[in-house]
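Working notes for the structure below.
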Amino acid sequence: SDGDTGSGWQQRVAAAGPRPDCILPDPYPPGRSPDGYLPLDRALDQRDATGDTARYHRALEGIVRREPRDIDAWAHLGNYCLDLAAPDRTPPPGVPPAGERQRRSWLRTALGHYQTAVSVAELALPDPFGGFLDWGHLDNRPFLRALHGMALALWQLDRFEEAEQTLLNML
């Protein structure tokens, strides 16, 4: 293949051989929610219906307070802060435009949320973990989204080697 042979990641993956496919546990097992509707889905629907991102942020904070194992809510908190840090982003009502100092603070906050999501997910994996987390399994997607967001936040904080390592680990 004509892929990147300089990093050696392809050779390392091939040399490792077959790996077991893993699925992260759902923090909301069947029957926990009477209507089957997840708290994050409610928060997203409310945000989409009203455009009220401040309420959405408060809802996410409430979700992780009630269920700290909700990896997706942590990742969405990271996304919220990462969006606030975007230089061309119009801030939500009540939030002043971000100068460089505030922007870096939002990035560090986003990184903290992503790191929390990653830590929660890693605690649910077998130790040592040598398996494969397939995107096709819905319960794996929040962890993979959190890793992606973590890499983006690290990159924007000029922590390029850590961002690169995070992305390579995802491969």
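Under 5 Å from the amide H of Phe132 lie the amide H atoms of Asp21, Cys22, each residue being 5 or more positions distant or on a separate chain, with H modelled from the backbone and absent for Pro and chain starts. Here the range 63-109 is described by how far its Cα atoms reach on the three principal axes: 33, 21, 14 Å, from widest to narrowest. Under the simplified labelling scheme, the Asp45-Tyr28 pair shows an inter-label distance of 1.0 nm, with each label point 7 Å from Cα along Cα→Cβ.
Using the reciprocal of the averaged 1/r over all distinct C-alpha pairs, how large is the Kirkwood radius of the range 44-143 in Å?
Numbers: mean 1/r = 0.0675 Å⁻¹.
Roughly 14.8 Å, rounded to one decimal.
Largest GNM mean-square fluctuation across Pro97, Pro25, Pro126, computed for the chain with C-alpha springs under 10 Å, falls on Pro126.
Out of [x] 13.3; [y] 11.2; [z] 12.3, which label holds the value of mean projected area of the Cα convex hull in nm² that was computed here? Among [x] 13.3; [y] 11.2; [z] 12.3, the one derived from this structure is [z].
Among the chymotrypsin sites (Phe, Trp or Tyr not before Pro) in the range 107-143, those located in a DSSP loop and surrounded by at most 14 other Cβ atoms within 10 Å of their own Cβ are Phe129, Trp135.
None of the figures in this text is laboratory data; all of them are computed from the coordinates on show. It should be emphasised that the depicted structure is a prediction, and the values quoted were computed from it without experimental measurement. A quick note on method: Cβ atoms are made from the backbone with ideal geometry, for glycine too, and the neighbour counts reach across all protein chains shown.
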